[in-house]
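First comes the structure, then the notes that go with it.
The values are calculated or read from the model by the stated rules, or taken from the named source; none is laboratory data. The shown structure was predicted, so the numbers you read here are calculated from the model rather than taken from an experiment. Please note: Cβ atoms are built from the backbone with ideal geometry, for glycine as well, and neighbour counts cover all protein chains shown. The area values use the complete protein model at the heavy-atom level, side chains included, leaving out ligands, DNA and RNA. Shrake-Rupley method; radii C 1.70, N 1.55, O 1.52, S 1.80 Å.
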Amino acid sequence: MATKTEFIAARTESRFKDTYREFLAHFSADGLFESLVSYLQLNFDSNELLSAQSDPNKYFRILEQALVTLYDRQAIVPITELNEVAQEDLVKLRRATGIGAEDLPAPPPPPPTAAEFLEQEVREDFAKISGSKMMEKRRTSKAYEATYQRIAGTLSSAATTLHDLGR
């Protein structure tokens, strides 16, 4: 019968394998897991490892660190070239551990929110459509009106002035 720690460790290892399954699929399973076990035995004393195995998050982070370290040191070598999904797993590993993360491109900016799209629409409408059409949009949409009121002070219009050119 498995102890609580063994049960937690097995569940964590299963979650780890599932999380990085595409990356792990590019390696010989036997050699990979032997390498992981060796890494853990060399870098952690038995009490430290036992303690980590009873904490799923800590053990998961240790497994991530071990995998990316072994890969970077070429202690494990893929049997085929990493495909796009495996490379995404590697990027995820690097971001999670910080190992090699400095060489990664910056993550893409998050997509604009609905509020940001609405603000952009109000700004564009202010610059491009007639005042009567703008008023109609403000009357028919509470969100549009609220956004307009919030940013009204930052909107600028093209002012025209009358100049006497001496004609």
In the chain, taking the dipole from +1 charges on Lys and Arg beta carbons and -1 charges on Asp and Glu beta carbons about the Cα centre, the listed residue (Gly131, Val91, Ala115) farthest towards the positive end is Gly131
Neighbour net charge for Ala96 - beta-carbon separation under 12 angstrom, K R +1, D E -1
+2
Whole-percent carbon and sulfur share, accessible surface of the chain, 1.4 Å:
54 percent
If one takes the longest principal axis of the Cα atoms in the chain, at what angle in degrees, from 0 to 90 and to the nearest 10, does the Cα axis of helix 29-43 lie?
90 degrees
Helix 142-151: inclination vs the chain longest Cα principal axis, degrees, rounded to 10, gives 80 degrees
What's the center-to-center distance, using Cα atoms, between the range 35-91 and the range 124-158 in Å?
55 Å
Where Lys and Arg each count +1 and Asp and Glu each count -1, what net charge lies around Phe126 among other residues with Cβ under 14 Å from its Cβ?
0
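Work the Kirkwood hydrodynamic radius out for the chain: mean of 1/r over every pair of different alpha-carbon atoms, inverted, in Å. Spell out each step's value before the answer.
Details: mean 1/r = 0.0474 Å⁻¹.
When all Cα pairs of the chain are included, the Kirkwood radius is 21.1 Å.
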Could you tally up the Lys pairs in the range 13-167 with alpha carbons closer than 29 Å? Skip any pair fewer than 8 positions apart unless they're on separate chains.
6
Taking a probe of 1.4 Å, how large is the accessible area per residue of the range 60-151, in Å²?
67 Å²
Using helices alone, what [θ] at 222 nm do you get for the chain, with -39,500 (n - 2.57) per DSSP H run of 4 or more residues, divided over all residues and rounded to the nearest 500?
-20500 deg cm²/dmol
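Run the numbers for Arg150 and Leu82: contour at 0.36 nm per residue of separation, minus the present Cα-Cα distance, in nm.
Details: separation 68, 0.36 × 68 = 24.48 nm, distance 4.94 nm.
Result for the pair: 19.5 nm of gain on full extension.
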Compute the signed sum of charges (Lys and Arg +1, Asp and Glu -1) over the other residues within less than 13 Å, Cβ to Cβ, of Phe117.
-4
